[in-house]
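First comes the structure, then the notes that go with it.
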Amino acid sequence: DGIMVSDFNKRILAVNQLILNYLRMDEKQFLSKTVDEFIVRQFMPEIQKRMNLLEKGILSPAIEIEINLGKNLVLPVEINSKVIDYENKKAILTILRDISERKQMQHKIMQTIIQTEEKERNHFAKELHDGLGPLLSTMNIYMGILKDSEDEERRQTAIERIQSSVEEAILSIRQIS
């Protein structure tokens, strides 16, 4: 975990080596920066809100943000912060945990869910097209025979086949459901 101490003006007071390694900076360079220089812009309001709560002594839960690593690279991190005494002054201790693997896993899970749903939709479409579609077409043909034929035996056969096709269609719909 990365560890950083900052004041309520967002000046960085101390940092551990892990953060320096991520940012490819030495300690002197890093300590000359402010917290805002590393936060991705969209997360700034959340960070400010969090700092206001900490200043009032209110602990807030961990949040996920992204930090700028430079060269258009960002790192997703989970941050936990609390107020501490640092060199006889109130300061903010922030723990930064790299959650890029977690984010990648969440992305893979989401992709798998989407692919599974798509396969299932394709399966339903195939079942409807290949199973129910021909049954309905067959019923339509028999309905034409029933309507156009005056031969009672032929009409009775068409009715029986329509009933059989309806039963198959109902069974097919139950299986698909």
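The values are calculated or read from the model by the stated rules, or taken from the named source; none is laboratory data. For clarity, every value in this text was computed on a predicted model and none was experimentally measured. Quick reminder, even Gly has a Cβ in these numbers, built from the backbone with ideal geometry, and neighbours come from all protein chains shown. Keep in mind that these areas ignore ligands, DNA and RNA; they rest on the heavy atoms of the full protein, side chains included. Shrake-Rupley method; radii C 1.70, N 1.55, O 1.52, S 1.80 Å.
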> Can you give the relative contact order of region 46-177 as a percent, counting alpha carbon pairs under 8 Å and 6+ residues apart?
Replying inline: 14
> Does a label point 7 Å from the Cα of M110, set along Cα-to-beta-carbon, have any residues of region 46-71 with amide nitrogen under 16 Å, and which are they?
Replying inline: 64-66
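Rolling a 1.4 Å sphere over the protein heavy atoms, what is the accessible area per residue of the chain, to the nearest Å²? It would help to have the intermediate numbers written out before the result.
Working: 12580 Å² over 177 residues.
Value returned for the chain: 71 Å² of accessible area per residue.
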>> Using a Förster radius of 25 Å, what is the FRET efficiency between V74 and R121 based on their Cβ-Cβ separation? Nearest 0.05, please.
In response: 0.15
>> Can you give me the distance in nm between label points at S149 and Q42, each placed 7 Å from the Cα along the Cα-to-Cβ direction?
In response: 6.6
> What are the radius of gyration and Dmax of the chain, computed over its Cα atoms and given in Å?
Replying inline: 33.2, 106
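Want the number for T34 to N21: 0.36 nm per residue separation, take away the alpha-carbon distance, what's left?
On the way: separation 13, 0.36 × 13 = 4.68 nm, distance 1.73 nm.
So the extension gain works out to 2.9 nm.
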>> At 1.4 Å probe size, with the rest of the protein present, what percent of the exposed accessible area of the chain is carbon and sulfur atoms?
In response: 52
> Got a number for the accessible area of E152? Probe 1.4 Å, square angstrom, nearest 10.
Replying inline: 120
>> Run the reach check for K49 against lysines, Cα to Cα strictly under 19 Å, same-chain hits fewer than 8 apart removed. What comes back?
In response: K10, K82, K90
> About its Cα centre, what dipole magnitude does region 86-177 give when the only charges are +1 on Lys and Arg Cβ and -1 on Asp and Glu Cβ, stated in debye to the nearest 20?
Replying inline: 1100
> On a 0 to 90 degree scale, rounded to 10, what angle separates helix 152-176 from the longest Cα axis of the chain?
Replying inline: 20
> To the nearest 10 degrees, how steeply does helix 100-127 sit against the main Cα axis of the chain, on a 0 to 90 scale?
Replying inline: 10
> For helix 133-148, what angle does its Cα long axis make with the longest principal axis of the chain, in degrees from 0 to 90 and rounded to 10?
Replying inline: 30
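What is the sum of charges, Lys and Arg at +1 and Asp and Glu at -1, for the other residues whose Cβ falls under 12 Å from the Cβ of R154?
Numbers: positive: K147, R155, R161; negative: D148, E150, D151, E152, E153, E160.
Computed value for this residue: -3.
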>> For K119, give me every one of the lysines with a C-alpha distance below 22 angstrom, ignoring sequence neighbours fewer than eight places off in its own chain.
In response: K108
